[in-house]
Amino acid sequence: MTYYTSSKVEGILTGDTSNTSYDALIAQEGPYADTDVENDLYAYAGATPPFSGGDITTDVHAAADWRTAARVALITRQIELKKAFDEEYQNVINRMVARFKATPTTRTKTVSVTSDYRSAPLSDE
């Protein structure tokens, strides 16, 4: 599945979404960026690709765009831009990880308390 959007990556790199000067590099690096996003989120989301629905999908696309821009900036030797793009990518990933951790998928609101059966008598409570 493709998460990055070429025009958005062009916008990040040049400020102009209609610019096509980086299209070849974006097409080359985009799939690697998509894989990076999936790998960074796999441990928290539990499946690849786990991304469907509103905010999560928007953030996954944004992360892929930032990661693709960072990879292109590295190839074109724009190191300071690469650092800034990596920072934005990490911010998006951290937000999504926090959301995945906060989503109560396997937890319940009740707390189960157990005691050792050998020390407590059986009862009909």
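Looking only at residues in segment 54-98 that are farther than 14 Å from residue 38 by Cβ and of a type in the set (Gly, Ala, Ser), the one that is surrounded by the fewest Cβ atoms within 10 Å (Cβ to Cβ) is 54.
Scan segment 20-39 for residues that are touching a Ser or Thr at 6+ places or on another chain (Cβ under 9 Å) and more than 20 Å from residue 92 (Cβ to Cβ) and the total you get is 6.
Per-residue answers, yes or no, for (1) in contact (Cβ under 8 Å) with a residue 12 or more places away in the chain; (2) over 16 Å from residue 96 (Cβ atoms):
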{"site": "3", "(1), (2)": "yes, no"}
{"site": "16", "(1), (2)": "no, yes"}
{"site": "25", "(1), (2)": "yes, yes"}
{"site": "33", "(1), (2)": "yes, no"}
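Candidates are the residues of segment 28-57 that are out of contact with any helix residue (DSSP H, G or I) (no Cβ under 7 Å at 6 or more places or on another chain) and modelled with pLDDT of 85 or more; the one that is farthest from residue 86 (Cα to Cα) is 28.
The values are calculated or read from the model by the stated rules, or taken from the named source; none is laboratory data. Computed from a predicted structure; not experimentally measured. Positions of Cβ are backbone-derived with ideal geometry, glycine not excepted, and every protein chain shown enters the neighbour counts.
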